[in-house]
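Here the structure is laid out as structure tokens; the discussion comes afterwards.
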There are 2 protein chains.
Amino acid sequence: MTQLTSPTRTVEADNGTTFAYRRFGKQSDVPLLLLQCFRGNIDLWDPIMVDTIAAEREVITVDASGVGRSTGSTPHNVPDYARDIISFVDALGLHNIDLLGFSMGGFVAQELTLMRPYLIRQLVLAGTGPEGGRGFHKWADELQSHAFKEEQDAEDLLYLFFTPSEASRAKGMDYLGRIFSRESDQDAVTSLETRDAQIDAIADWGIPDPSKFSRLAGLRQPTLVVNGDRDIMVPTPNTFLLAGHLPNAELVLYPDAAHGALFQYPEDFGNRVNEFLEAAEDPAW
Amino acid sequence: MTQLTSPTRTVEADNGTTFAYRRFGKQSDVPLLLLQCFRGNIDLWDPIMVDTIAAEREVITVDASGVGRSTGSTPHNVPDYARDIISFVDALGLHNIDLLGFSMGGFVAQELTLMRPYLIRQLVLAGTGPEGGRGFHKWADELQSHAFKEEQDAEDLLYLFFTPSEASRAKGMDYLGRIFSRESDQDAVTSLETRDAQIDAIADWGIPDPSKFSRLAGLRQPTLVVNGDRDIMVPTPNTFLLAGHLPNAELVLYPDAAHGALFQYPEDFGNRVNEFLEAAEDPAW
């Protein structure tokens, strides 16, 4: 079973949402839950990246309320988003998970871990930043025009996730080819209502406020912080803020890469996630 | 003229100190002033590193008051240290310089730049951290025993500047060979009185206080932030704090390297400093 072949399942949670999710990969005690970015659904995950991780451990991908084929309304702020995902985790009866959050999913991952510190063993934060961070409260006009466009095309995703270099854009085209190669049971495109709720959630999290960085002291879980060296969506200095303030972080910075670094280096990223999570399973740890 | 052959000169400053310094390299409009680490004198700079930079621009190395062959007493806190170096810069009649600070020299470089923002064009901060940073206020016992030892030997410097890996230690031995190959006009070993003054200065700068990070907003100069990925003297997360909070920073992180990353990768580091400083001279900049 792979990212392209695993069936979509549903579960009813106590917040009233029927969540669409997928769960596959090598049986492991602690599954890895993946939280997606702005406007992303479960088909947006890179098959190479997910399958590299799924070769070593169970992975769960999920659409939040109102996203893709999950029912309900998408929350307009990160704490409500975290509570939404907690309802999903509770519906699956999980008590110990690793958590990977990409971009806005990384905001949710931080908040969820602060709310339920005993639930989360290890964290992976990719292309994301701390509450109150730098430069993503209100995006510049050109970035907005690509990010908010009603129907996004390949050029928009290349602009947002990859760098202007030929090499990075070529990797971007490869990634786009991979995510659009699922042959059946595709997820639904994110609605404009969900887009607008997520814009609110991102702006709220992005209100500049360095006093919020002290909350990161509560994230004591070993954390792998990853980004490209030229992310413009959640600008790369936010990655340094995370790695600097988190009590127990490792940093991986990919060269000539942007917000979508994890999709530009999907195999290397997947392997690093595996190594990082395996370290927690080492009895000597 | 090179790091190993340039003569030591002296200049009398208005703070009463006669500073020992060296000045050599390719004539350039803006010289690069190098500020040294705890217990370091001007002979501790890596010849490969300095000569790589000196091939492209004028470099100035200096002993602060009470260090090496400079007269006077070493300041017990970073602001007084910065004023001490400002006296030296004024004595040379310089009005526009680039500044490279290593470790405690990086503390001084930050403070000096905040005091005299118009003097400094660009900054290079290696193996250093912000005021109020993480884990260098009081070093752990083992680290102390190497750092404070009355007569340090090769093993102490390997422990402090390089990682425990064979590869890093071998590079460390190469570095030690280079710095001890100056044939005449060697600098004087740092006194224990200076050591103790510097311990005070480091402890004062290291009192944990995240509110101090907001001062970094005043360092608007383009800044190159460099470290090894496993510095234990000014632990690597401090490097991320700098890169995250500085308004205009680039980060270079060397693998399997510690506090002395700039001496483990002296040619690469020198070339990166040159590229970074050249960028400021590009009319398109």
Checking the structure you have, find out if any residue of the range A:93-114 is open to solvent by 40 Å² or more (accessible area, probe 1.4 Å) and either aromatic (F, W, Y) or under 19 Å from A:D14 (Cβ atoms) (or both). yes
Could you check B:V226 against (1) surrounded by fewer than 18 Cβ atoms within 10 Å (Cβ to Cβ); (2) within 24 Å of B:D29 (Cβ to Cβ); (3) touching a strand residue (DSSP E or B) at 6+ places or on another chain (Cβ under 6 Å); (4) not polar (S, T, N, Q) and say which number it fails? (1)
A:D14 is checked against (1) under 20 Å from the mean Cα position of the chain (by Cα); (2) assigned to a loop (DSSP other than H, G, I, E, B); (3) of a type in the set (D, E, K, R) and fails just one. What number does that condition carry? (1)
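From A:A188, A:A258, A:A201, A:A197, which residue is under 30 Å from B:N238 (Cβ atoms) and of a type outside the set (D, E, K, R)? Don't jump to the end; show me each part of the working.
Values: A:A188 fails: under 30 Å from B:N238 (Cβ atoms); A:A201 fails: under 30 Å from B:N238 (Cβ atoms); A:A197 fails: under 30 Å from B:N238 (Cβ atoms).
Of A:A188, A:A258, A:A201, A:A197, the one residue that is under 30 Å from B:N238 (Cβ atoms) and of a type outside the set (D, E, K, R) is A:A258.
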Please state which one of A:G135, A:G129 is within 14 Å of chain B (Cβ to nearest Cβ), part of a loop (DSSP other than H, G, I, E, B) and open to solvent by 30 Å² or more (accessible area, probe 1.4 Å). A:G135
Determine, yes or no, whether B:Q122 is part of a strand (DSSP E or B) and either away from chain A (no Cβ under 14 Å) or within 22 Å of B:L4 (Cα to Cα) (or both). yes
Look through the range A:229-280, keep the residues that are in contact (Cβ under 8 Å) with a residue 40 or more places away in the chain, charged (D, E, K, R) and open to solvent by 20 Å² or more (accessible area, probe 1.4 Å), and return whichever of them is nearest to the other protein chains (Cβ to nearest Cβ). A:R230
Which one is most open to solvent (accessible area, probe 1.4 Å) among residues in the range B:71-88 that are touching a residue at least 60 places away in the same chain (Cβ under 8 Å) and small (G, A, S)? B:S73
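Determine whether A:L4 is touching a Lys or Arg at 6+ places or on another chain (Cβ under 6 Å), in a loop (DSSP other than H, G, I, E, B) and either open to solvent by 10 Å² or more (accessible area, probe 1.4 Å) or farther than 18 Å from A:R182 by Cβ (or both). Full working, then the answer.
Working: touching a Lys or Arg at 6+ places or on another chain (Cβ under 6 Å): yes; in a loop (DSSP other than H, G, I, E, B): yes; either open to solvent by 10 Å² or more (accessible area, probe 1.4 Å) or farther than 18 Å from A:R182 by Cβ (or both): yes.
Answer is yes for this residue.
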Of the conditions (1) open to solvent by 20 Å² or more (accessible area, probe 1.4 Å); (2) touching a Lys or Arg at 6+ places or on another chain (Cβ under 9 Å); (3) basic (K, R), A:R57 fails just one. Which one is it? (1)
Checking B:R69 against (1) more than 27 Å from B:E275 (Cα to Cα); (2) under 15 Å from the mean Cα position of the chain (by Cα): exactly one of these is not met. Which one? (2)
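Determine whether B:G68 is among the small types (G, A, S) and buried (at least 23 other Cβ atoms within 10 Å of the Cβ).
Numbers: among the small types (G, A, S): yes; buried (at least 23 other Cβ atoms within 10 Å of the Cβ): yes.
So B:G68 fits the description; yes.
Can you say whether B:Q27 is without any contact (Cβ under 8 Å) to a residue 40 or more places away in the chain and either buried (at least 21 other Cβ atoms within 10 Å of the Cβ) or over 17 Å from B:A109 (Cβ atoms) (or both), as far as the supplied structure shows? So that I can check it myself, show each step before the final result.
Numbers: without any contact (Cβ under 8 Å) to a residue 40 or more places away in the chain: yes; either buried (at least 21 other Cβ atoms within 10 Å of the Cβ) or over 17 Å from B:A109 (Cβ atoms) (or both): yes.
So B:Q27 fits the description; yes.
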I'm checking my understanding of the structure. Among residues of the range A:214-223 that are more than 8 Å from every other protein chain (Cβ to nearest Cβ) and not in a loop (DSSP other than H, G, I, E, B), which one is surrounded by the most Cβ atoms within 10 Å (Cβ to Cβ)? A:T223
Expected output for the range A:152-163 (first residue in a helix (DSSP H, G or I), partner of a type in the set (V, I, T) and buried (at least 17 other Cβ atoms within 10 Å of the Cβ), Cβ below 9 Å, 6+ apart or cross-chain) is A:Y159/A:I232; A:L160/A:I232
By residue number, the members of the range A:179-210 that are in contact with an Asp or Glu (Cβ under 9 Å, 6 or more places away or on another chain), in a loop (DSSP other than H, G, I, E, B) and surrounded by fewer than 18 Cβ atoms within 10 Å (Cβ to Cβ) are A:F180, A:R182, A:Q186, A:A188, A:V189, A:I207, A:D209
Give me the pairs, please: first residue somewhere in the range B:194-212 and within 14 Å of chain A (Cβ to nearest Cβ), second residue anywhere and among the charged types (D, E, K, R), beta-carbon distance under 9 Å, and either six or more positions apart or on two chains. B:P208/B:R134; B:D209/B:E131; B:K212/B:E131
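The values are calculated or read from the model by the stated rules, or taken from the named source; none is laboratory data. None of the values given here were measured: they were computed from a predicted structure. Glycine gets a Cβ as well: all are built from the backbone with ideal geometry, and neighbour counts include every protein chain shown. Keep in mind that these areas ignore ligands, DNA and RNA; they rest on the heavy atoms of the full protein, side chains included. Shrake-Rupley method; radii C 1.70, N 1.55, O 1.52, S 1.80 Å.
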